[in-house]
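**Student:** Just passing along the structure, written as structure tokens.
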Amino acid sequence: GRNDTGVPDFYTAQDVIDNLDNNNVLTHLRNGFVALSNNLVLEMEDVTEEGKKRSLSPMVVTDIACPAGLTYAPEDAYCLNFKCTFDGESMTDEQVAAFSDKLKYSINEAGSLYDAIKTYHSDTLITGVGSPGKGIAYLDEEEPPAVLPPAYTGQLELDITGTVIDYSSFDYSGLLDGRTSGMPDFYNAQKISDNLDSNDVLSHLIKGFGSLSNQLLDELEDVTEEGKKRGLRTKKRELQSLLPVEVTDVVCPADLAYAPKDAYCLNFKLTIDTDSMTDEQVAAFSEKLKWAVDEAGLLYDNVKKEYPETLITGLGNPGKGIDYLDLDEDTNDVANDVSSVESSENEATEDDTGLSTAAIIFIILAVVVIPVAVVAMYSRYRKVENDARLERVREYQDKGDIEAQNGSAVPISILAVPADDDDDSVWSDDRINRKGSEDEIRAEVEKLIKETNAPKNADEMLASYSGREDELLKNLRKMRAMQNTAEQKASNRAEVVALVEATNAPKSADELLASYEGREDELIKNLRKMKAKLDGVDVIRAEVATLVKETNAPKSADEMLASYAGREEDLLQNLRKMKAKQQDADDKAAALAAVRVEVESLVEETNSPKSADELLSSYVGREDQLVKNLQRMKLKMSKEDDDKAAIKAEITALVEATNPGKSAEDMLAAYVGKEEELLKNLQKMKAKQDRASAKQAEAPAAPAAVAPAALAPAAVNGTEDSIRKEITSLVESTKPGKSAEDLLAAYEGREEELITHLKKLQSSANKSEIV
């Protein structure tokens, strides 16, 4: 109550209204509010252009005491209240309600109005807006950072409770006692996962969730540092990757807005890949999602907004949906019918048709009084029925509260949830109200007593529950379920303790179990993922150490792992690439060395005019082609050598057969490069000698005297032997380049012409070769 504690001068509500000293507080608030509301309306796709044009009435400013819980002012200090009124006639009631919820959240929870004001007017006198809102922290304390979900491993997991059953449409109180009569048909988790009959439940949920998460990401960007714009929107939306949704059947938890406790519900497990988001973004996004789904019921609103005919009747915990306690719908309908009938009565009464009074009375009795009486009776009947139904619900809830205080479990018949519509479903009347034979009941009782280690035997219990055997079976089943639950909890705890120790989790096993109470399976799953990831890191470390050694990297394995902390897989991939490159280079070097050895050998064998180094330099990158060419050359030379050897052998044989006067070696030396020509001449000589021998063999033993004319050549030149001798002598003296035998073979029958040429050659100074 003291004002002498250094309180600075400030502007009251009236000063703000009068804009005293041009404080512009009202202008700044109005501008920020208009900018924020415009952004929110733009996100509402179904709002018409007319609806987007809102008329903001003058604001009313009053002095008030600060409420508790503000971030920028202590309780009961001096604050202002700004009453904003705008015209929403062009919007539907649903649009107005949605817009109002968005405004309240943006101003009070997200602090977006304060951010907008500071963005447009950084020098504003406004130091805080909203409740709790946002502003200059009066305690000058840093806002505690958002906390990551326990056992977060790079993927944000969100369990969303929901249902596709409208519990306000039937009497569900019997269901709580294990009876399913009157329960409508519905889709269980398996049918929803399979999209049986194109129910599209999963599609509606995913699209509604996508729309909601984008809205929240937008708001998350709006509360970043002052002056930051919404440039991160695209990036953040790209980072948000929704993995396949898992759907399971569960019992409804307590306090849901749309389903009674222990009734039939669904759990939608959504997993979002957030590897590229910072921990702060993930934590803030997670908290906003949980609030929007469970507290504000925005996910249900989004689904219903985009899919009015969806089968989903509720989402979130406590969430939002069709109120299962709203039992007065039929009564209201009846009341409406009564009102319409009364209206008809008035119209009938006022109708001036000229009918007689008796006729009018009869009409009133027939048309009005009797139906009203029937409707009134039906209305009373429905009211009594609904009251009885509510009473049964209250009894069940009170019973559940008592059992919870005594540590009792919920009925086992409601714990199991159907996956199909087969006869084994626990929702089947035949299973819940089991009416088997006495032998079957006894057999199951004995089995349950043995499994639960009950203090009494089957006979004693059956005697105590005579006529109530179903109740006995139900209690024994409940006892077995409780024992199994205890054993499972012990097993879960042991595994959690081991996993916490193995993963070096930041929280103890007790803290994690407390945070995940009722969701131990989810905790174990997360810890297993964390352990698998850590085990994978150990394997990566070992391979990195090996690769660093094999590649002779310039840094040690520890230094590289420190540089790539959190990105060990990238490091491993880079080292593998380096190893592959080095291996490829080594393979190429080895292959080139083998090629060099082969090229050097081929160069030597083919007597190539260029060296191996010169050839390899000319064929860089085409070493295989070089080897191929040299191999061809070698093959060709080998074939030529074989041909020359064959020719030489045949020449040698012909020289021995024809005895030309020179040895085979001398003749080959004289015919170097012309071996085929030599072979041809020798073959002709051999043929000539063979013909001469044949003629000589055919000549008669005692030849007749030759006529003088026939012997003329012999008389002139002497005998054949003398001609041969003369030619041989002339050949030796003239050296014409061919042997006497060659010349005789060439000049067969023209020996005199040969002698004439040889004599000319002998007398010639140049000793020309005979043509």
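**Student:** Got a number for residues in region 510-521 being modelled with pLDDT of 85 or more and touching an Asp or Glu at 6+ places or on another chain (Cβ under 8 Å)?
**Tutor:** 1
**Student:** Quick one: in region 690-702, which of the residues that are part of a loop (DSSP other than H, G, I, E, B) and open to solvent by less than 100 Å² (accessible area, probe 1.4 Å) is modelled with the highest pLDDT? Spell out the reasoning first.
**Tutor:** As a first pass, look at region 690-702 and keep what is part of a loop (DSSP other than H, G, I, E, B): 699-702.
Next, from what is left, pick out any that are open to solvent by less than 100 Å² (accessible area, probe 1.4 Å): 699-700, 702.
On the way: Ala699: 67, Pro700: 64, Ala702: 50.
Selected residue: Ala699.
**Student:** Identify, please: which residue in region 1-36 is modelled with pLDDT of 90 or more and among the charged types (D, E, K, R) and is, among those, most open to solvent (accessible area, probe 1.4 Å)?
**Tutor:** Asp21
**Student:** Continuing with the same structure: Which one of these is at pLDDT 90 or above and open to solvent by 10 Å² or more (accessible area, probe 1.4 Å): Lys228, Lys269, Lys261?
**Tutor:** Criteria check complete, one pass: Lys269.
**Student:** Follow-up. Is it true that Val595 is touching an Asp or Glu at 6+ places or on another chain (Cβ under 7 Å), surrounded by 11 or more Cβ atoms within 10 Å (Cβ to Cβ) and free of Cβ contacts under 8 Å to residues at least 40 places away in the same chain?
**Tutor:** yes
**Student:** Name the one entry in Ala591, Ala669 that is closer than 30 Å to Lys688 by Cα, out of contact with any Pro (no Cβ under 9 Å at 6 or more places or on another chain), part of a helix (DSSP H, G or I) and not acidic (Asp, Glu).
**Tutor:** Ala669
**Student:** Continuing with this model, one more query. Testing Ser515 on (1) polar (S, T, N, Q); (2) surrounded by 15 or more Cβ atoms within 10 Å (Cβ to Cβ); (3) under 21 Å from Gln155 (Cβ atoms), one condition comes back false. Which one is that?
**Tutor:** All conditions are met except number (2).
**Student:** Does Val497 meet the test of being farther than 30 Å from Val445 by Cβ and open to solvent by less than 70 Å² (accessible area, probe 1.4 Å)?
**Tutor:** Yes.
**Student:** Looking at (1) part of a loop (DSSP other than H, G, I, E, B); (2) under 22 Å from Glu109 (Cα atoms); (3) of a type in the set (A, V, I, L, M), which one does Ile312 not meet, given that it meets all the others?
**Tutor:** Looking at each condition in turn, Ile312 falls short on (2).
**Student:** Let me ask something else about it. Keeping to region 598-621, report how many residues are open to solvent by 100 Å² or more (accessible area, probe 1.4 Å) and aliphatic (A, V, I, L, M).
**Tutor:** 1
**Student:** Right, next: Output yes when any residue across region 185-201 is at pLDDT 90 or above, in contact with a strand residue (DSSP E or B) (Cβ under 7 Å, 6 or more places away or on another chain) and open to solvent by 20 Å² or more (accessible area, probe 1.4 Å), and no when none is.
**Tutor:** Looking through region 185-201, at least one residue is at pLDDT 90 or above, in contact with a strand residue (DSSP E or B) (Cβ under 7 Å, 6 or more places away or on another chain) and open to solvent by 20 Å² or more (accessible area, probe 1.4 Å).
**Student:** Please verify whether region 557-578 includes one or more residues that are touching a residue at least 40 places away in the same chain (Cβ under 8 Å), open to solvent by 90 Å² or more (accessible area, probe 1.4 Å), closer than 23 Å to Gly154 by Cα and part of a helix (DSSP H, G or I).
**Tutor:** no
**Student:** Please report, ordered by residue number, the helices (runs of 4 or more DSSP H) entirely within region 719-764 with at least 2 residues that are open to solvent by 50 Å² or more (accessible area, probe 1.4 Å) and within 19 Å of Lys688 (Cβ to Cβ).
**Tutor:** 720-734, 751-763
**Student:** Quick one: in region 272-289, which of the residues that are of a type outside the set (Gly, Ala, Ser) and farther than 25 Å from Ser203 by Cα is surrounded by the fewest Cβ atoms within 10 Å (Cβ to Cβ)?
**Tutor:** Here the answer is Thr278.
**Student:** While we're on this one: Would you please name the residue that is farthest from Gln583 (Cα to Cα), looking only at residues in region 518-542 that are open to solvent by less than 60 Å² (accessible area, probe 1.4 Å) and of a type outside the set (A, V, I, L, M, F, W, C)?
**Tutor:** Among those that are open to solvent by less than 60 Å² (accessible area, probe 1.4 Å) and of a type outside the set (A, V, I, L, M, F, W, C), it is Glu520.
**Student:** Continuing with this model, one more query. So which residues in region 547-556 are part of a helix (DSSP H, G or I) and surrounded by 13 or more Cβ atoms within 10 Å (Cβ to Cβ)? Before you say what the answer is, go through the steps one by one.
**Tutor:** We begin by selecting, within region 547-556, every residue part of a helix (DSSP H, G or I); these are 547-551.
Those that are part of a helix (DSSP H, G or I) and surrounded by 13 or more Cβ atoms within 10 Å (Cβ to Cβ): Leu547, Val548, Glu550, Thr551.
**Student:** Next question. Can you tell me which residue among Glu517, Glu487 is in a helix (DSSP H, G or I), of a type in the set (Asp, Glu) and without any contact (Cβ under 8 Å) to a residue 24 or more places away in the chain?
**Tutor:** Values: Glu517 fails: in a helix (DSSP H, G or I).
Checking each option against the conditions leaves just Glu487.
**Student:** Scan region 55-101 for residues that are open to solvent by less than 60 Å² (accessible area, probe 1.4 Å), of a type in the set (Ser, Thr, Tyr) and under 47 Å from the mean Cα position of the chain (by Cα) and report the count.
**Tutor:** The qualifying residues number 4.
**Student:** Moving to a separate point now. Could you check how many residues of region 117-143 are in contact with a helix residue (DSSP H, G or I) (Cβ under 7 Å, 6 or more places away or on another chain), among the hydrophobic types (A, V, I, L, M, F, W, C) and either closer than 11 Å to Ala73 by Cα or modelled with pLDDT under 90 (or both)?
**Tutor:** 1
The values are calculated or read from the model by the stated rules, or taken from the named source; none is laboratory data. Predicted model, so just to flag it, every value in this text is computed and none were measured. For neighbour counting, all protein chains shown are included, and Cβ atoms are generated from backbone atoms with ideal geometry for every residue, glycine included. Heavy atoms of the whole protein, side chains included, go into the accessibility calculation; ligands, DNA and RNA do not. Shrake-Rupley method; radii C 1.70, N 1.55, O 1.52, S 1.80 Å.
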